[in-house]
Amino acid sequence: MKTNIGVFFGGRSTEHEISVISASQAMHAINRDKYDVTPIYITKQGRWYTGQALFEVANYRDINAMLKQCVEVYMKPIFDDYNLYKAKKPLFGSDVLTRLDVVIPVLHGSNGEDGIFEGVLESTGIPFAGCNTLSSANGMDKITMKMILQACDVPVVDYVWFTDKQWFSQRNDLITRIEDKLGYPVIVKPANLGSSVGIGRAVDRAQLIEKVNEAEKYSTRIIVEHMVEQLQEINCSVLGDCDEYQPSVCEEPIKSGEILSYEDKYMGGTKGAKGMQAAQKRIPAELPDEETKRIQYLACETFRVLSCHGVSRVDVIIDRETRNIYVNEINTIPGSLSFYLWEATGIPFDELMDRLVQLALKRKRESGLKTVSYDQNIFSLGGGGIKGAKGGKLK
């Protein structure tokens with residue numbers, strides 16, 4: 001029998017539509033002679049559906065009509081239960097729709113790329129490709145990510161961070177701190193979103209207040225970064241796990257303004273979104289060899305120190321004036337799974353998907369060698385140490 005790959009996408013995220021595009025690309029790239037594919041679409045309301053209609057992006061123009069052709073499903077949070085169950089149990093017969101062997105999450109942004117969904121998968125024990133709960137959460141949160149990178153000598157730009165409640169209770173103090181430490185211009189970002197959502201540039205105090213007020217609509221944690229004015233943005237993908245990994249060629253995205261926008265990334269100058277591969281870019285980036293190697297090294301170090309897995313994309317900034325290179329962020333589930341970078345590196349999309357499956361199975365095998373509990377039941381032991389009476393103490 002073929003290995004059945006469950007591809008999860010959509011989700012309760014501002015990047016919902018991009019996830020649909022990325023997943024469609026990935027599912028069409030999977031070798032059907034070798035694998036079966038089960039699409040699992042998570043709606044913006046958090047309900048799960050599967051069905052053949054989910055494979056085609058055009059069907060998402062009328063989601064209600066599409067879902068009428070699908071079956072609502074769920075998984076049980078039971079270890080070693082990899083079944084996909086029908087939400088409406090039939091009167092006769094089994095409520096098991098199919099059994100998944102491997103999961104590939106293609107969920108961008110919050111509630112999917114941030115460790116929440118990965119925790120669901122880890123609770124069942126199913127093999128899955130991509131970062132685990134911890135590395136997903138650390139990679140998604142720009143504040144935590146920069147703290148870890150700084151501690152591991154990976155260069156990042158100076159920043160100040162705070163919560164939305166701090167902004168309203170300590171605004172003047174925070175503004176003074178930002179101006180003293182960073183100066184202007186600065187970039188204001190929600191800490192846990194991607195795809196340039198909620199991001200803005202501020203050149204003075206009035207704009208700073210405006211951009212923070214916008215960013216806090218999307219996140220409880222805000223980061224304000226020093227803006228490199230003469231910047232060059234370069235992206236590099238990394239494939240593997242934190243012990244064995246390789247970098248892709250580098251790309252230089254072409255932006256229409258001072259900040260690479262949502263439209264720059266996903267609209268590609270067209271009327272319809274087509275995913276990250278549609279964005280205007282130079283592949284490979286036109287850089288001196290030593291800078292290319294430095295960026296690839298920093299991308300791999302970012303992947304390593306965050307304990308990443310699967311395929312990620314690391315975005316860096318080059319200061320054109322000083323030629324200093326800084327890691328900007330990591331996308332642990334990158335748009336279009338960065339397949340276009342791997343094709344330029346010599347790995348076709350179908351092979352990329354095959355490698356992700358193999359990485360998932362490898363991690364499952366290795367995790368099975370670790371001790372997670374003891375067979376001995378301490379409650380069956382005689383003697384002291386445990387007081388059974390109400391209010392008793394443990395020694």
Just to be sure I understand the filter: pairs with C-beta atoms under 6 Å, separated by 6 or more residues or on different chains, first member in segment 216-230 and surrounded by fewer than 20 Cβ atoms within 10 Å (Cβ to Cβ), second member among the basic types (Lys, Arg) and part of a loop (DSSP other than H, G, I, E, B). Which pairs pass? Gln230/Arg320
Where a residue in segment 242-253 is on the phi < 0 side of the Ramachandran plot and its partner, wherever it lies, is surrounded by 18 or more Cβ atoms within 10 Å (Cβ to Cβ) and among the acidic types (Asp, Glu), with Cβ under 8 Å and at least six apart: Glu252/Glu233; Pro253/Glu233; Pro253/Asp264
Subset of segment 237-252 that is among the aliphatic types (A, V, I, L, M) and in contact with a Pro (Cβ under 7 Å, 6 or more places away or on another chain) - its residue that is surrounded by the fewest Cβ atoms within 10 Å (Cβ to Cβ): Val249
Report whether or not Asp80 is modelled with pLDDT of 95 or more and within 25 Å of Val224 (Cβ to Cβ). no
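Residue-by-condition table, conditions (1) in a loop (DSSP other than H, G, I, E, B); (2) modelled with pLDDT under 95; (3) closer than 25 Å to Ser13 by Cα; (4) not assigned by TED's automatic domain parsing to the domain that holds Met27:
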site: Arg323; (1), (2), (3), (4): yes, no, no, yes
site: Glu343; (1), (2), (3), (4): no, no, no, yes
site: Glu351; (1), (2), (3), (4): no, no, no, yes
site: Gln376; (1), (2), (3), (4): yes, yes, no, yes
site: Phe379; (1), (2), (3), (4): no, yes, no, yes
site: Gly383; (1), (2), (3), (4): yes, yes, no, yes
Of all the residues that make up segment 89-105, how many are at pLDDT below 95 and either under 26 Å from the mean Cα position of the chain (by Cα) or aliphatic (A, V, I, L, M) (or both)? 1
Those residues that are in a loop (DSSP other than H, G, I, E, B) and in contact with a Ser or Thr (Cβ under 8 Å, 6 or more places away or on another chain), I need them from segment 89-104; list them, please. Leu100, Asp101
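Among the listed residues Ala151, Ala129, Ala137, which satisfies the condition of being without any contact (Cβ under 8 Å) to a residue 24 or more places away in the chain and either crowded, with 20+ Cβ neighbours inside 10 Å or in contact with a Lys or Arg (Cβ under 9 Å, 6 or more places away or on another chain) (or both)? Reasoning before the result, please.
Details: Ala151 fails: either crowded, with 20+ Cβ neighbours inside 10 Å or in contact with a Lys or Arg (Cβ under 9 Å, 6 or more places away or on another chain) (or both); Ala129 fails: without any contact (Cβ under 8 Å) to a residue 24 or more places away in the chain.
Of Ala151, Ala129, Ala137, the one residue that is without any contact (Cβ under 8 Å) to a residue 24 or more places away in the chain and either crowded, with 20+ Cβ neighbours inside 10 Å or in contact with a Lys or Arg (Cβ under 9 Å, 6 or more places away or on another chain) (or both) is Ala137.
Residue by residue through segment 341-357, note down the ones that are small (Gly, Ala, Ser) and either within 21 Å of the chain's Cα centre (by Cα) or within 22 Å of Asn4 (Cβ to Cβ) (or both). Reasoning before the result, please.
Going residue by residue through segment 341-357, those that are small (Gly, Ala, Ser) are 344, 346.
None; the set is empty.
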Collect the residues in segment 142-180 that are part of a loop (DSSP other than H, G, I, E, B) and touching a strand residue (DSSP E or B) at 6+ places or on another chain (Cβ under 7 Å), keeping them in residue-number order. Val154, Pro155, Val156, Val157, Asp158
Is there any pair linking a residue in segment 56-74 that is under 25 Å from Arg99 (Cα atoms) and assigned by TED's automatic domain parsing to the domain that holds Ile40 to one that is among the hydroxyl-bearing types (Ser, Thr, Tyr) and in a helix (DSSP H, G or I), with Cβ under 6 Å and at least six apart or on different chains, and which? Val57/Ser24
In segment 276-318, residue nearest to Phe128 (Cα to Cα) [restricted to those that are among the β-branched types (Val, Ile, Thr) and under 22 Å from the mean Cα position of the chain (by Cα)]: Val311
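Within segment 66-88, is there a residue that is of a type in the set (Val, Ile, Thr) and touching a helix residue (DSSP H, G or I) at 6+ places or on another chain (Cβ under 9 Å)? Walk me through it before giving the result.
Initially, segment 66-88 is screened for residues of a type in the set (Val, Ile, Thr), giving 71, 73, 78.
Okay, now just the ones that are also touching a helix residue (DSSP H, G or I) at 6+ places or on another chain (Cβ under 9 Å), so 78.
Yes, because at least one residue in segment 66-88 is of a type in the set (Val, Ile, Thr) and touching a helix residue (DSSP H, G or I) at 6+ places or on another chain (Cβ under 9 Å).
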Return the pair list, or none, for Cβ contacts closer than 8 Å from residues in segment 317-341 that are crowded, with 22+ Cβ neighbours inside 10 Å to residues that are polar (S, T, N, Q) and part of a loop (DSSP other than H, G, I, E, B), at least 6 apart or on different chains. Ile318/Asn324; Gly335/Ser195
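Yes or no, residue by residue, for (1) out of contact with any Pro (no Cβ under 7 Å at 6 or more places or on another chain); (2) part of a helix (DSSP H, G or I); (3) among the aromatic types (Phe, Trp, Tyr):
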residue	(1), (2), (3)
Cys300	no, yes, no
Arg304	yes, yes, no
Ser307	yes, no, no
Ile317	yes, no, no
Asn328	yes, no, no
Ser336	yes, yes, no
Could you please find all residues in segment 10-67 being charged (D, E, K, R) and surrounded by 23 or more Cβ atoms within 10 Å (Cβ to Cβ)? Glu15
Quick test of your reading of the structure: Lys86 fulfils all but one of (1) within 26 Å of the chain's Cα centre (by Cα); (2) farther than 19 Å from Ser24 by Cβ; (3) surrounded by 16 or more Cβ atoms within 10 Å (Cβ to Cβ). Name the failing condition by number. (1)
Quick check on Val71: is it of a type in the set (A, V, I, L, M), within 30 Å of Ser307 (Cβ to Cβ) and either touching a Phe, Trp or Tyr at 6+ places or on another chain (Cβ under 8 Å) or surrounded by 21 or more Cβ atoms within 10 Å (Cβ to Cβ) (or both)? no
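The values are calculated or read from the model by the stated rules, or taken from the named source; none is laboratory data. It should be emphasised that the depicted structure is a prediction, and the values quoted were computed from it without experimental measurement. In this analysis, Cβ positions are derived from the backbone assuming ideal geometry, glycine residues included, and neighbour counts consider all displayed protein chains.
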